[in-house]
There are 2 protein chains.
Amino acid sequence: MDETDALLRLARAQVGYLATVGPHIVPFVFAVDGHRIVSMVDAKPKTTTHLQRIQNIRSNPSVSVLVDHYEENWSRLWWVRADGTARVADEDLDHIAALLQAKYPQYADVDLIGPAIIVDIERITGWSAE
Amino acid sequence: MDETDALLRLARAQVGYLATVGPHIVPFVFAVDGHRIVSMVDAKPKTTTHLQRIQNIRSNPSVSVLVDHYEENWSRLWWVRADGTARVADEDLDHIAALLQAKYPQYADVDLIGPAIIVDIERITGWSAE
């Protein structure tokens, strides 16, 4: 899978998995903006521990983001992984919120609170069984 | 979500996400055996970098395993995360292979090569929107 194909599959994926140091892993919704992955803390119900990702990124910005396709037919599996550096940001929120709202109609009913998590992609790799 | 419910959802999930130090994250198939998550290197097509998980576990055994349910209706989202200690094992392979073959009929056509990755679950947490 070439880098362009990998970036397209990443951008189209509805859910991703964000791994931070620990290791710690959470599902998250996101948008791709150039070579950045952007997401924002929202008002979906959470336990306080959900924000562990914020603490982890502040202590070590290395992250890995995975999206994948799984089905019973293993000849159709694929995944894409983006490794990069994350930061917790309080700026550019209107732009990021607009990207997320355009991708997810669900955000019409769920408030975007912030802060944002912005991942600068440094390496993107993918694999497809086909 | 209580621990029993979380463990059941973990056991029933078809695909999980394994985060090791780095952080590094891969999708994987697995079975739950008591309070252990077991998986085995198999003959599904791979790039060599897929085995980064083995190197990472040998250098630091802390891992986090996530399973989740995503759909457009965000009121039905859920996830379960198991944190624990992993080891790469060359013993007990017949037992682990039998568990994996019982869960995944696909393993009738894909060889289980080994080694196994065994995760002793130390903490399991879950969240459900419902």
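The values are calculated or read from the model by the stated rules, or taken from the named source; none is laboratory data. Just so it is clear, the model here is predicted, and its values are computed rather than measured. Note that we place each Cβ from the backbone using ideal geometry, even for glycine, and neighbour counts take in every protein chain shown.
Selection within segment B:47-75: residues that are surrounded by fewer than 16 Cβ atoms within 10 Å (Cβ to Cβ) and among the aliphatic types (A, V, I, L, M). The member of this set that is nearest to A:Q14 (Cα to Cα) is B:L51.
If you take the residues of segment B:10-48 that are more than 7 Å from every other protein chain (Cβ to nearest Cβ) and free of Cβ contacts under 8 Å to residues at least 12 places away in the same chain, which of them is farthest from the chain's Cα centre (by Cα)? The selected residue is B:T48. Checking each residue in segment B:61-75 for being touching a residue at least 24 places away in the same chain (Cβ under 8 Å), at the interface with chain A (Cβ under 9 Å from one of its Cβ atoms) and polar (S, T, N, Q) picks out B:S62, B:S64. A:E130: within 11 Å of another protein chain (Cβ to nearest Cβ), touching a helix residue (DSSP H, G or I) at 6+ places or on another chain (Cβ under 8 Å) and either over 30 Å from B:K103 (Cβ atoms) or without any contact (Cβ under 8 Å) to a residue 24 or more places away in the chain (or both), yes or no? Considered against the rule, which asks whether it is within 11 Å of another protein chain (Cβ to nearest Cβ), touching a helix residue (DSSP H, G or I) at 6+ places or on another chain (Cβ under 8 Å) and either over 30 Å from B:K103 (Cβ atoms) or without any contact (Cβ under 8 Å) to a residue 24 or more places away in the chain (or both), A:E130 comes out as no. Look at A:L51 and say whether it is closer than 29 Å to B:S59 by Cβ and touching a strand residue (DSSP E or B) at 6+ places or on another chain (Cβ under 6 Å). The answer is no for A:L51. Of the residues that sit in segment A:1-46 and are modelled with pLDDT of 95 or more, more than 15 Å from A:V63 (Cβ to Cβ) and of a type in the set (K, R), which one is surrounded by the most Cβ atoms within 10 Å (Cβ to Cβ)? My answer is A:R9. Does any residue of segment B:76-98 turn out to be surrounded by fewer than 18 Cβ atoms within 10 Å (Cβ to Cβ) and facing another protein chain (nearest Cβ under 10 Å)? Checking segment B:76-98: not a single residue is surrounded by fewer than 18 Cβ atoms within 10 Å (Cβ to Cβ) and facing another protein chain (nearest Cβ under 10 Å). Per the listing A:D68, A:D83, the residue uniquely under 18 Å from B:S64 (Cβ atoms), of a type outside the set (S, T, Y) and touching a Phe, Trp or Tyr at 6+ places or on another chain (Cβ under 6 Å) is A:D68.
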